[in-house]
Each structure stands twice: as structure tokens, then as C-alpha cells.
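Notes follow once the structure below has been shown.
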Amino acid sequence: MQKRFPSLSGYGVTWSANKRIAIVALAITALLIIAATTAWFTGRGEHDQSTGAPSPSSSSSPSEAAPKPAAGSGSVPKPPQISEPVAFAQAAAAMLWSYDTRNTDRDQQLAGMGAWMTKETKYADWASVSGQVPDPLLWSRMADQNQHATGTVTEGHYPGAFKQALAEDPSAITEAYIYVVTVNGRQQIEWKKGGGGAEERAVTLAVQCRPSQDCRVAAIAPSVTQ
């Protein structure tokens, strides 16, 4: 049986203590999120990973800005012009679960993902997003096998604690306009010689959707909250 190569979305990086503290502080200040809600951003300190998939060594520090897509973004789609948080989060999840090493190198993948990030550095956690991409060596091995994946979304929703926090203080969102959205879906993975498989996927994202502006990704939570 051909060895199965790990999927792109199975990778993550542990948020540094300072970054976790910063994200929690921003959530409390901007959204007045209750204690249960802040667990989205502190969580276990690591993403759920595919069984047996190694964690890559991250080349991105928490304060590093997203790269500019000057060299092109390969197969990574451009962020859609969507101003509704759930719809945008669904599009972002599909983007995160999709990749094609046949025509997109690692730098292009990162640049394409960076275009989805908010430009407000105060709220952007690029490390949590770039940590979805395997290290250069593993990416090259995936490319040797022509590995590619397509993500499909089944649904997206606001987790219960986030809805409760908004109900308790609807005006709190107006500081940063950051919404927490959980998206569920499926990832179809294929590689050469007919190899392939599918996995259920779920991700909790923080997306920024200011009035009269298109939404952008602020961060990926270290654990999924339904």
C-alpha cells in the first residue's frame, strides 16, 4: 500500500505565551468576551493534527507580518469581497484546506494566504495562519508526489459562547469588529499513482469585518470550539 502523505491542514504551531496573552487581552478589550470564550485562543496551545503527522518547525515568529504576494500566489485564490463574517470564514476555511503542490511552491502558498490577513497588525496573528504550512523539506516531498487537496465546507456558525457574549453586550463588537466563527467541512487529498483519501475538517477562525469593508482573517484559534 502506498504511503499516505500528511495533509497541509494538519499542521500547526504552538502560540507563544506572549501571543496568547495578547490575543486574550485583545478579545477582552475589544469584545468583552467572557472567560469561557477566551479559551478559544488559549486552548491547548496547539492545533489538532492528523494522526502521526509531525509538527513542522515554524519559520514565522508571532510578530512577523504576512508576506506580500509579489511573486504570485499560485493556486491560492484571492480573498472574496464578502462583508458577512460567517460567509467569509467559510471561504477562508475552504482556502486553508485547499492546496496544489503541482503548480504552487511554498512561498507562493504563504503569500496567497497572507493576502487574506487583516492589515491591522494589532489584531493579526500571522503565525497562527502560516503555521498551517509544512516546512520547506516536507513541502518538497509533497510536491514530489504531486500532492494536492480540495476543501469543501458543509456549514459555518458562531459558537454559543460568542453569541452569548454579543447578546450580553452588543456594542462590544464595535471596537475591533472581530467575530469568532467555527467552520466544518471535508478535505479531499490526492497524489500521483491514484493515491488519495478524505478527512473531516473543522476550524475556528477570528475574522475582522468592519462596516463597509471586506472581511479579513485575524487568527486561527489553537483548538476548535463548536
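The values are calculated or read from the model by the stated rules, or taken from the named source; none is laboratory data. Note that the structure is predicted; figures quoted are calculated from it, not measured. Heads up, the Cβs are rebuilt from the backbone with ideal geometry, glycines too, and the neighbour counts pull from every protein chain shown. The accessibility values were calculated without ligands, DNA or RNA, using every heavy atom of the protein model including side chains. Shrake-Rupley method; radii C 1.70, N 1.55, O 1.52, S 1.80 Å.
For the reader, a short list of remarks on this structure follows.
- Modelled this way, with points 7 Å down the Cα-to-C-beta line, the labels at D144 and Q188 are 2.8 nm from one another.
- Candidate aspartates and glutamates for bridging to K192, where Cα separation is under 20 Å - those fewer than 8 sequence places away on the same chain excluded: D100, D105, D144
- What region 114-226 shows is 41 Å² of accessible area per residue, with the surface traced by a 1.4 Å probe over protein heavy atoms.
- The length gained by stretching the chain between Q226 and E175 to full extension, at 0.36 nm per residue less their Cα-Cα distance, is 15.9 nm.
- Listed by chain and number, the aspartates and glutamates whose C-alpha is less than 20 Å from the C-alpha of K122, apart from same-chain residues fewer than 8 away, are E64, E175, D214.
- Each listed q (0.11, 0.18, 0.25 Å⁻¹) maps to a log10 I(q)/I(0) for region 125-226, found by the Debye formula over equal Cα scatterers with no solvent: -0.47, -0.98, -1.37.
- T154 versus A198: modelled label distance in nm, points set 7 Å from Cα along the beta carbon direction: 1.0 nm
- Across region 107-222, Cα pairs under 8 Å and at least six residues apart give a relative contact order of 29 percent.
- With the simple spin-label model, which puts each label point 7 Å out from Cα in the Cβ direction, the T121 to K163 separation comes to 3.8 nm.
- For the listed peptides 201-207, 99-105, a ranking on the average number of other beta carbons within 10 Å per residue, highest first, reads 201-207, 99-105.
- Placing unit charges on the Cβ atoms only, positive for Lys and Arg and negative for Asp and Glu, gives region 74-172 a dipole magnitude near 180 debye about its Cα centre.
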